[in-house]
Amino acid sequence: MTKKVKTIVLTGNGTNCEMEMAHACRLAGSAVVDIVHISELLCGEKRLDDYHFLNLPGGFLDGDDLGSAKAGANRIVHASIRRGSEKLYKQLIDFIHDGKLILGVCNGFQLMIKLGLLPAFGGDYATQTVTLTFNDSGRFEDRWVYLKVNEDSPCVFTKGMEGIYLPVRHGEGKIVTRDPTILERLHTSNQIAVQYSDKMYEKAVMDYPDNPNGSVDAIAGICDETGRIFGLMPHPEAYLHYTNHPRWTREDLPEDGAGLSLFRNAVDFIKKAF
Amino acid sequence: MVHRIEVGFREGIRDVLGEKTGRKITEHLGIDVTEVKTIDVYTIEGDIAGNELAAAASGPLSDPIIQKYVTDRGLADGFDWLIEVGFRPGVTDNVGKTAREAIELLLGKPGAVDVYTSRQYALKGDLGRSDAELIASGLLANELIQRYEIIGSEEWNPAQGVAPFIPRVIINDDPTTEEIDLDVSDEELQKISSVRVLALTVDEMKIIRDHLREESVLHGRQKAGLGEKITDVEMECLAQTWSEHCKHKIFNSLITYEDQNGDRTTIDSLFSSCIKKATKEIREALGKDDWCLSVFVDNAGIIRFNDDYNLVFKVETHNSPSALDPYGGALTGIVGVNRDPFGTGKGSKLIFNTDVFCFASPFHNKPLPPRILHPRRIYDGVREGVEHGGNKSGIPTVNGCLVFDERYLGKPLVYCGTGGIMPAHIQGEATHSKTIIPGDVIIMTGGRIGKDGIHGATFSSEELNEDSPVTAVQIGDPITQKKMTDFLLIARDKNLYRAITDNGAGGLSSSIGEMATLCGGCEIDLKKAPLKYAGLQPWEILISEAQERMSLAVPPKKCKAFLALAAKMNVEATILGTFTDSGIFHVRYGEKTVAYLDMEFLHEGLPKMRLNARWTPPRHEEPAFPEPDEMGSALKEMLSRLNICSKESIVRQYDHEVQGGGVVKPMVGVVNDGPSDAAVIRPILDSFEGVVVSNGICPRYSDIDTYHMAACAIDEAVRNAIAVGGSLDRMAGIDNFCWCDPVESEKTPDGRYKLAQLVRANRALYDYTMAYGVPCISGKDSMKNDYIIGETKISIPPTLLFSTMGKIEDVRKAVTMDAKKPGDLVYILGETLEEMGGSEWFALHGFIGNTVPKVNAQKAKKLYQALSKAIDRRLVASCHDCSDGGLGVALAETAFAGGLGMDVSLSLIPREGIRRDDYLLFSESQSRFVVTVSPDSQEEFEGSMAGSVFACIGKTISGGTFRIAGIHGETIVEEAIDSLKEAWQKPLDF
């Protein structure tokens, strides 16, 4: 049991949601929350090992110029610490094997997918089997969506939740799998933690705009088999307080935004596990 | 060696970009294509082996799940025409830069390759070569910055593919400084000015010539190694500094104004006597409660937010570049204005963007004059440029609007604004002012310098003409800028620099030139400046407006730490020289002096222009058309007007929620699709103090009287802010004047009238900012929004954008415009007069009219204060500003945004002089709101509004019927809210 949960929020090269993501972690009870620029990891001033919870926020890594988070993933895999032999990528894989938590949102999710951190069947965190590509609408869009939570998923972050209303803000959020067997396995292992759904959180939807990007089987977020590594396109850090809700002036809402629950679950898990 | 990697989608994977391109080809050009497929091409030059090429292609450059690639052959097949579009030499290639960095990291070979990108469009369809040509030149490529190649299927050899093309800039690297002889005829002087795009008049050239003849000047120059003649570096530097764009010559001129009665007055600087004067008087009246901190002196204005933080705001225009290259122009516009608040005081973190665009109709269907792009292309390009600039910078775009008028065909207006927040103190020092101490080191950081953006400042000081230079167009790079701002915010908080400013118009010449006024001089070496490619002349280095650069004054003992932090964060930073107190703007190239200009002459040497203005009120035909039989259809027709209809498709493509502080979003209501009046954000996430952002703009009224146009723009901005819960207690304004050339000349025979229009607008600005106590804290003017080629001249209607930024103490009290509950009472606040002049209703019938809306500021202020109080006491369920399209539109929007019907009677509306239902519904009288109030709050609400004009005119009802009874009691509108909403949503749904 640790009381002192340590969280790192990684930023740099076009990431732009680090501030609100750090705020979410603080509200969720993490004792230490550091916004760390990737250069601080690469020059060895900071190390992933010193933290329990890694947040990969939204943004546009390298402008998403080569496809969303492609250049960012290339950096994570190939960049060395202090230009020496130690690779940042090794720190990341060690972090996963230490039983720690990673949450990627939007561009952070895209980064995880392109790195192969998700869905990581059989613990293979290095092979990409699904991708996130351009929305069917051909547009970047900022709109709120209903997400149905898979209660049978091992996902640590969504435990105890049925549905959640959050904004998407992306142009490349459509999940495509390498082949149908991948999709099937995602379903059978309950790694599809959240799906775009109707207002009642009852059924997954394929219709635009409820499904904002045409994602296969309405997938909005997936976790690895352990449930500790989780990524999603919608932004939980964008709904931390009721005034974030687009209809707060006309609906009765609890003080805390629903997005905060994901961070609380993460912090509570770490408190128990470490 | 040169290689090509081509990346396309696998079979069965949707090519969304291709599909979208296909739709655009049909929508824009009316050409039907069966299929468009896209292929990304990376042309790689450098030392790279075959297996390395494959590693790059299969690694960072393609997605293994959905894409396939080939190297050194063609990927396209099964097309009728293949069009490849790439950049011209020297144009910013952001993707190419990212690809280069990725490949170098992958291979562990820094500096090994250069990468240039292009894109192929493989078209299928019954198309001839001329169709392909039209698609390439009319849609896919902008030939100013791009080149294209067209290949027919019969000439295609996939084994060979398209031959590599390297758009490398190859210039003879021979830096020289030319001397220019100004002892020549007037004709010659004029020629020098126009050939070099200096935009200087003969008189201004003569002032420079005479200055150089002064004994002391000559002596100083000779000591520095210069001769009697001026150098091209000096000439260009003076031209930038003295340009209309930088110097605001018209706003600072001495104007003789003659009114319609022949009475003359003299105005010594509109800027001083109207804009600055009002701010000064408002601040004096506030006394010790003055919340303005820095006005007009810096890149942006600064006000106090609370004891710990200040707010910063600036709005800019980027019209001329956007006319030539809408995407690049608008992108540069937004990332450019970002640097203004970023480079204000000690620097601020950017918290919101605003955007206002003025275009001709995207459905324009008449022939286009030369060099003018179709308004639909401008619309799409500008929208996308601002999308990329704003979204990629992680700054929410929270407020804006679109204005349509035929005359924006000649020049579109692209207003971009940015707000920032800064700690009030850093290490005990106030952050809102700038100081520089002689000896401070001059450092430039961020991007590199190229030929892009040369002559932006002088080019925008002229009308768009045949010779408008291509180099003035550039493409912004939001990620390079983001990396730089990430670095500089850390440097700021560590107090590693003393002062900061941005490199915008005029480049280093302006940024260092202006900073040097704070200490009295500088000395820089242009040879040290990092370049994108070799071959720039010293004058080009000095005035290039290449983007993403900031200039800083760094105390010598902090230099090492500053540079080390930059290196760690992978941001380029270069020492260019030192600030001095020599009184000289001293520029060297290596050891050789290339400019040696007296600071006082540079900044104060330009005498005031003297201009004449004459006001003759225009008379327009007074319309005569009957009241419509079908008021419901009329209302729907109004809701479908371009200036009124929903802008949701644009709004949703901008991230308006990043940074997590959105409170009142641009789209609100029961299904998030009603039009907000203003934005409210919470910049500090653990506080409920908020920022209110709004704008007002109504150029149609300029056709009648710019005085009332300006008054209405100010009133609209203020009442929009009031509508969401803002208050007059702390609201600051930004004025952006976009005018057509108001200087009488051969090209502008009606200059006196246009200048009178400017005078009148400024007088209104003084009167109304004073009346409301809303001081302008910064602003900008753009005075040459004309198009002249051949016989065609198009001048924009005089346009003032008034933007406000204010404070709301508790965002939890903000209100939105959507009706909330059935049975709520519907109120009209303010009086409706027969003010149809310049209205959308008249415009719909092809008239302008004469009775322009007038603002009664005293009454309005009282109403606004009462309403703010009522909102603060939570008595208001919804509040909607009444503007374009009048009450009819505001009532309908309130109803359908709330998903509720409405039952109201026009006979109850407080009014004067109106006898027609259509006039009552569509008059654009100012200072009015549609408010809904719960019956429980009726008494309190009416009590709190006592003393202002208001009336309850009906109520909201469940079900979706929108019913209006006319003045005489009969039902004149009975429509389903869904059909009203559909009319409102349909026009711009693309």
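Only residues that are in contact (Cβ under 8 Å) with a residue 24 or more places away in the chain and either open to solvent by less than 60 Å² (accessible area, probe 1.4 Å) or over 36 Å from the mean Cα position of the chain (by Cα) (or both) were counted in the range B:100-125, giving 17. Residue count for the range B:285-308 under the criterion of being crowded, with 19+ Cβ neighbours inside 10 Å and either in a strand (DSSP E or B) or among the polar types (S, T, N, Q) (or both): the result is 7. Quick one: is B:Leu887 under 24 Å from B:Arg641 (Cα atoms), assigned to a helix (DSSP H, G or I) and without any contact (Cβ under 8 Å) to a residue 60 or more places away in the chain? So B:Leu887 fits the description; yes. Does the range B:726-738 contain at least one residue that is open to solvent by 10 Å² or more (accessible area, probe 1.4 Å) and either touching a Ser or Thr at 6+ places or on another chain (Cβ under 6 Å) or in the same structural domain as B:His880 (by TED's automatic domain parsing) (or both)? So far as the range B:726-738 goes, yes, one or more of its residues are open to solvent by 10 Å² or more (accessible area, probe 1.4 Å) and either touching a Ser or Thr at 6+ places or on another chain (Cβ under 6 Å) or in the same structural domain as B:His880 (by TED's automatic domain parsing) (or both). The residues listed here are B:Ala239, B:Ala199, B:Ala224; of these, the one that is assigned by TED's automatic domain parsing to the domain that holds B:Thr517 and more than 21 Å from B:His586 (Cα to Cα) is B:Ala199. Of all the criteria given as (1) more than 14 Å from chain A (Cβ to nearest Cβ); (2) at pLDDT below 95, the one not satisfied by B:Asn570 is (1). Considering B:Gly947, B:Gly954, the condition of being open to solvent by less than 40 Å² (accessible area, probe 1.4 Å) and either part of a loop (DSSP other than H, G, I, E, B) or touching a residue at least 60 places away in the same chain (Cβ under 8 Å) (or both) is satisfied by B:Gly954 alone.
Out of A:Ala22, A:Ala28, A:Ala79, one residue alone is without any contact (Cβ under 8 Å) to a residue 60 or more places away in the chain and more than 8 Å from chain B (Cβ to nearest Cβ). It is A:Ala22.
Across the range B:17-42, the number of residues qualifying as open to solvent by less than 20 Å² (accessible area, probe 1.4 Å) and closer than 23 Å to A:Asn74 by Cβ comes to 4.
Taking the condition of being surrounded by fewer than 21 Cβ atoms within 10 Å (Cβ to Cβ) and in contact with a Lys or Arg (Cβ under 7 Å, 6 or more places away or on another chain), how many residues in the range B:532-567 meet it? Of the residues in the range B:532-567, 2 are surrounded by fewer than 21 Cβ atoms within 10 Å (Cβ to Cβ) and in contact with a Lys or Arg (Cβ under 7 Å, 6 or more places away or on another chain).
Considering B:Gln938, B:Gln926, the condition of being outside any strand (DSSP E or B) and open to solvent by 40 Å² or more (accessible area, probe 1.4 Å) is satisfied by B:Gln938 alone. Going by what's in this entry, would B:Ala710 be described as among the aliphatic types (A, V, I, L, M), within 30 Å of B:His620 (Cβ to Cβ) and not assigned by TED's automatic domain parsing to the domain that holds B:Val889? So B:Ala710 passes the test.
Is it true that A:Glu40 is facing chain B (nearest Cβ under 10 Å), farther than 23 Å from A:Ala126 by Cβ and touching a residue at least 24 places away in the same chain (Cβ under 8 Å)? The answer is no for A:Glu40. Filtering the range B:43-59 to residues that are open to solvent by less than 10 Å² (accessible area, probe 1.4 Å) and either more than 14 Å from chain A (Cβ to nearest Cβ) or touching a Lys or Arg at 6+ places or on another chain (Cβ under 7 Å) (or both) leaves B:Thr43, B:Leu53. I'd like to check something: does the range A:121-128 contain any residue that is touching a Lys or Arg at 6+ places or on another chain (Cβ under 9 Å), facing chain B (nearest Cβ under 9 Å) and open to solvent by 20 Å² or more (accessible area, probe 1.4 Å)? Yes, the conditions are met somewhere in the range A:121-128.
The lone criterion from (1) under 35 Å from the mean Cα position of the chain (by Cα); (2) within 14 Å of chain A (Cβ to nearest Cβ); (3) farther than 30 Å from B:His364 by Cα left unmet by B:Val36 is number (3). Evaluating B:Pro375 against the criteria (1) within 20 Å of B:Ser795 (Cβ to Cβ); (2) buried (at least 24 other Cβ atoms within 10 Å of the Cβ) leaves one unmet condition, (2). Of the residues making up the range B:87-99, those that are within 12 Å of another protein chain (Cβ to nearest Cβ) and either at pLDDT below 95 or open to solvent by 20 Å² or more (accessible area, probe 1.4 Å) (or both) are B:Thr92, B:Asp93, B:Asn94, B:Val95, B:Lys97. Would the range A:58-71 turn up any residue that is more than 16 Å from the chain's Cα centre (by Cα), open to solvent by 20 Å² or more (accessible area, probe 1.4 Å) and over 30 Å from A:Asn135 (Cα atoms)? Checked against the condition, which is being more than 16 Å from the chain's Cα centre (by Cα), open to solvent by 20 Å² or more (accessible area, probe 1.4 Å) and over 30 Å from A:Asn135 (Cα atoms), the range A:58-71 yields no hits at all. If you check B:Val335, B:Val312 for being farther than 18 Å from B:Gly389 by Cα and of a type in the set (Val, Ile, Thr), only one passes: B:Val312. Screening A:Gly29 with (1) of a type outside the set (Asp, Glu); (2) farther than 24 Å from B:Gln481 by Cβ; (3) open to solvent by 10 Å² or more (accessible area, probe 1.4 Å); (4) assigned to a helix (DSSP H, G or I) gives one miss only, at (4).
When residues in the range B:60-73 are screened for being more than 14 Å from every other protein chain (Cβ to nearest Cβ) and in contact with a strand residue (DSSP E or B) (Cβ under 7 Å, 6 or more places away or on another chain), 3 of them pass.
There is no residue in the range A:85-96 that is more than 9 Å from chain B (Cβ to nearest Cβ), on the phi > 0 side of the Ramachandran plot and surrounded by fewer than 21 Cβ atoms within 10 Å (Cβ to Cβ). Of the residues B:Lys247, B:Lys229, the single one that is open to solvent by less than 60 Å² (accessible area, probe 1.4 Å) and charged (D, E, K, R) is B:Lys247. Any residue at all in the range B:641-655 that is in a helix (DSSP H, G or I), touching a residue at least 40 places away in the same chain (Cβ under 8 Å), more than 9 Å from chain A (Cβ to nearest Cβ) and touching a helix residue (DSSP H, G or I) at 6+ places or on another chain (Cβ under 6 Å)? Within the range B:641-655, one or more residues are in a helix (DSSP H, G or I), touching a residue at least 40 places away in the same chain (Cβ under 8 Å), more than 9 Å from chain A (Cβ to nearest Cβ) and touching a helix residue (DSSP H, G or I) at 6+ places or on another chain (Cβ under 6 Å). Taking the condition within 10 Å of chain B (Cβ to nearest Cβ), in a loop (DSSP other than H, G, I, E, B) and in contact (Cβ under 8 Å) with a residue 12 or more places away in the chain, does A:Asp136 pass? It is true that A:Asp136 is within 10 Å of chain B (Cβ to nearest Cβ), in a loop (DSSP other than H, G, I, E, B) and in contact (Cβ under 8 Å) with a residue 12 or more places away in the chain.
The residues of the range A:43-57 that are of a type in the set (A, V, I, L, M, F, W, C) and under 15 Å from the mean Cα position of the chain (by Cα), listed by number, are A:Phe53, A:Leu54, A:Leu56. Restricting attention to the range B:378-399 and to residues that are in contact with a strand residue (DSSP E or B) (Cβ under 8 Å, 6 or more places away or on another chain) and away from every other protein chain (no Cβ under 12 Å), the residue that is surrounded by the fewest Cβ atoms within 10 Å (Cβ to Cβ) turns out to be B:Tyr379.
The values are calculated or read from the model by the stated rules, or taken from the named source; none is laboratory data. Here the structure is a predicted model, which means the values were calculated and not measured. We place every Cβ from the backbone using ideal geometry, glycine too, and count neighbours over all the protein chains shown. When the accessible area is computed, the model is the full protein with side chains, heavy atoms only, and any ligands, DNA or RNA have been set aside. Shrake-Rupley method; radii C 1.70, N 1.55, O 1.52, S 1.80 Å.
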